[in-house]
Amino acid sequence: MKLYFAIIIIALNSAFGFGQMAEFSFLEGTTKKWDKTPEGKILKHYFVFENTGEEPLIIDEAQVACPCTKVTFPKKPVPPGGKDSILVTFDTNHKFYNQDRKIILKANTKKEEKLRIKVYVIPKEEE
């Protein structure tokens, strides 16, 4: 019987522990759309966020589909209530017309967070 109660206490403690997570709250949204841009420019945008969760926010990885998109994120944990930013850089060289890139952030949050950048790139031949 004591073993049964011990197992229940451990299970409840684990359930409450898993409920405490970090959480992104982006102050200006998760999508950045630039005006029409000539090919060859490097575009930069800071996605500013706050950790509205109960645990320090730790970003492990940022996944992108194209090497034209670079992501720089905080290497140190962001405490609850703390603010920081994620820099996304997009190289328009050899990119043409509508460009739509998604960034998937892997962190200690309940769900993956997704960022998005959009731009219409004017090819050099059409300038």
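The values are calculated or read from the model by the stated rules, or taken from the named source; none is laboratory data. Just so it is clear, the structure is predicted and the values come from calculations on it, not from any experiment. Heads up, the Cβs are rebuilt from the backbone with ideal geometry, glycines too, and the neighbour counts pull from every protein chain shown.
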THR109 being modelled with pLDDT of 95 or more, in contact with a strand residue (DSSP E or B) (Cβ under 6 Å, 6 or more places away or on another chain) and not charged (D, E, K, R): no
Selection within segment 70-100 - surrounded by fewer than 18 Cβ atoms within 10 Å (Cβ to Cβ) and of a type in the set (Lys, Arg): LYS70, LYS75, LYS76, LYS83
One residue from GLU61, GLU113 being exposed (fewer than 15 other Cβ atoms within 10 Å of the Cβ) and either under 16 Å from the mean Cα position of the chain (by Cα) or of a type outside the set (A, V, I, L, M, F, W, C) (or both): GLU61
VAL48 modelled with pLDDT of 95 or more, of a type outside the set (D, E, K, R) and surrounded by 15 or more Cβ atoms within 10 Å (Cβ to Cβ): no
Selection from segment 75-90 of residues that are farther than 15 Å from TYR46 by Cα and part of a strand (DSSP E or B): VAL78
